[in-house]
1. Out of region 20-55, which residues are in a helix (DSSP H, G or I) and small (Gly, Ala, Ser)?
2. I need the full set of residues from region 94-113 which are of a type in the set (A, V, I, L, M) and within 19 Å of the chain's Cα centre (by Cα), in order please.
3. Only residues that are in contact with a Leu (Cβ under 8 Å, 6 or more places away or on another chain) and either assigned to a loop (DSSP other than H, G, I, E, B) or among the basic types (Lys, Arg) (or both): list them for region 398-445, please.
4. Test each condition in (1) crowded, with 24+ Cβ neighbours inside 10 Å; (2) free of Cβ contacts under 8 Å to residues at least 24 places away in the same chain for Ala151 and report the one that comes out false.
5. Quick check on my filter: what residues within region 170-189 are in a helix (DSSP H, G or I) and either at pLDDT below 95 or within 17 Å of Pro310 (Cα to Cα) (or both)?
6. Just one of (1) part of a helix (DSSP H, G or I); (2) surrounded by fewer than 24 Cβ atoms within 10 Å (Cβ to Cβ) trips up Thr141, so point out which.
7. Any residue that is under 35 Å from the mean Cα position of the chain (by Cα), surrounded by 19 or more Cβ atoms within 10 Å (Cβ to Cβ) and either without any contact (Cβ under 8 Å) to a residue 40 or more places away in the chain or part of a helix (DSSP H, G or I) (or both) - is there at least one of those in region 460-468?
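The values are calculated or read from the model by the stated rules, or taken from the named source; none is laboratory data. Computed from a predicted model, the values in this text were never measured in an experiment. In this analysis, Cβ positions are derived from the backbone assuming ideal geometry, glycine residues included, and neighbour counts consider all displayed protein chains.
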Amino acid sequence: MAGVDVARYRGGVVARAVAITLLAGLVRLILGALTPLFPDETYYWDWSRHLSGGYFDHPPLIAWLIRFGTLIAGDTPAGVRLGPIIAGTLAGLFIADSARRLTGDRAAVNAALVFALMPLSAAGLVLATPDAPLFACAAATIWAVIRALDAPARSRAALQWWAVAGIFLGLAMASKYTAVLLPLGIVVALLVRRGLRHRLAEPGPYVATVIAVVVFSPVIVWNAEHGWASFAFQLSHGLTRATGSVLKRELDLVGGQLGLVTPVLFVMLVLAVVRSGHTGTRALLAIVATVVFGFFMYSATKRRPEANWPALAYVPGILVLVAHAGTPRWDKWLRGGLVLAGVLTAVTYVNTFTPVLPVPARRDPVARSHGWKELADSVNQTYGPRLSISSHRTWVGADRYQEASELAFHLPDRPQTFSLNLTTRPNHYDFWPQFPERAHPRDGLLLVVDEVAGEHPTLKSLSQHFESVVQKEMVTLAREGDPVKYLRIWHLERWRGTWPERPLRSRS
């Protein structure tokens with residue numbers, strides 16, 4: 001009878017971890033359906049209309065996930081975010097089961113709570129960004145590696161789990177290039193920990209590597225066909241030397257973690273990694289987390305980092321945290337960290353619908369999703385009538401990909417738009433046919449640019465290539481009347497058939 005009671009208890013604990021993860025996923029789905037899309041999300045949505053083996057900014061898995069969601073729920077915020085939110089929920093399940101296998105059922109519940117409540121995942125995984133498939137595939141990779149290390153060395157079971165790890169690792173790298181830090185961390189751990197070093201003598205890690213490269217190969221092929229553009233961009237994006245204080249960039253990186261993970265959980269996670277021991281799977285996970293976070297600490301010496309860049313470190317980091325041998329004092333701090341994480345996440349959720357943070361809209365990240373429908377309506381007031389009264393087509397474009405993709409999503413019939421990129425950084429719009437390749441002489445272009453004092457440099461570049469340039473409405477992107485930015489619509493009439501010189505880039 002006692003055995004039955006224990007089994008029933010254990011089953012209830014595991015079910016609790018699953019329920020916590022699924023409930024968190026449901027909350028994210030509801031929030032995602034009710035929140036307007038951010039510019040990066042509409043950019044990735046535009047990718048999903050042109051499925052490919054790669055894109056300029058990132059690997060392709062986010063585009064494929066978005067296409068999956070829009071096939072089910074349409075071109076809506078819910079449709080765009082459905083696939084990524086499912087991926088984030090799967091990440092939580094893999095993390096919880098990994099914690100259970102590593103330490104026990106209680107750790108599974110704690111891992112589920114940490115992942116569900118910390119703002120990095122609770123808010124970040126609402127969005128359709130590459131972090132969602134990265135979390136899912138990285139968590140699955142680590143889950144499979146734990147299974148492989150649990151199996152006897154050189155056994156068939158170990159080889160099978162290494163192969164599964166290779167599949168998920170390839171998918172992780174097809175989500176975000178930083179996933180390459182996972183195998184790097186694993187190799188470092190196998191080399192420096194004597195108790196793990198014998199694993200390098202079995203075929204599993206090498207089989208996993210080969211499989212990962214095969215799964216990732218479409219991204220390699222795409223890059224080879226496009227001058228290695230995506231690889232080069234990401235390397236320069238993360239490691240190009242920047243001006244300013246290195247110390248400030250390092251403090252900004254750490255400060256960002258305090259906000260995304262909470263100060264309590266971040267400090268506890270660091271302590272758990274330091275105290276992880278020198279042998280076993282916990283040591284491997286601690287080393288992987290250290291390698292990932294250490295890379296971005298190094299990156300911060302070169303360039304100002306974004307707070308979410310080290311997010312990959314928290315997949316193994318959460319497992320080390322919940323596996324740490326808890327004293328009553330440690331458990332008390334963990335409960336406090338979870339409460340603080342829940343409060344911060346709740347404030348973030350509330351702020352999504354009504355501004356409660358004491359910051360102006362231009363500094364509120366949520367406000368960046370507001371005003372785009374109004375911009376599209378203003379453009380359509382000019383764009384729509386031009387199609388019906390003119391024998392020449394009027395196209396829609398913008399100076400940057402953010403405005404171009406939001407217009408593509410919000411305009412009626414979701415037309416092709418152009419991001420001209422004449423004065424901004426290159427992006428994947430450069431690889432699709434641009435205005436000079438699609439338009440005919442005497443066509444028009446409705447162009448959205450920032451409202452600036454004097455002549456905008458993009459307009460200055462284009463004015464000689466059109467017979468007239470007419471100023472149209474200024475649109476204020478705002479959240480509840482609080483301005484975020486000011487944009488101006490211009491009508492460039494009767495294209496002359498010429499275009500400013502710009503660097504040539506290969507196009508798919």
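1. Hits for region 20-55 are Ala24, Gly25, Gly32, Ala33, Ser48.
2. Taking region 94-113 first, the residues of a type in the set (A, V, I, L, M) are 95-96, 99, 102, 107-109, 111-113.
Residue satisfying the conditions is Ile95 alone.
3. Asp399, Thr417, Leu420, Leu422, Gln434, Ala439
4. (1)
5. Answer for region 170-189, where residues must be in a helix (DSSP H, G or I) and either at pLDDT below 95 or within 17 Å of Pro310 (Cα to Cα) (or both): Ala172, Met173, Tyr177, Thr178, Ala179, Val180, Leu181, Leu182, Pro183, Leu184, Gly185, Ile186.
6. (2)
7. Yes, the conditions are met somewhere in region 460-468.
Residue-wise test of (1) over 18 Å from Pro412 (Cα atoms); (2) modelled with pLDDT under 95; (3) not assigned by TED's automatic domain parsing to the domain that holds Ile30; (4) not aliphatic (A, V, I, L, M).
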| position | (1), (2), (3), (4) |
| --- | --- |
| Gly342 | yes, no, no, yes |
| Pro358 | yes, yes, yes, yes |
| Asp364 | yes, yes, yes, yes |
| Ala376 | no, no, yes, no |
| Asn380 | no, yes, yes, yes |
| Gly384 | no, yes, yes, yes |
| Ile389 | no, yes, yes, no |
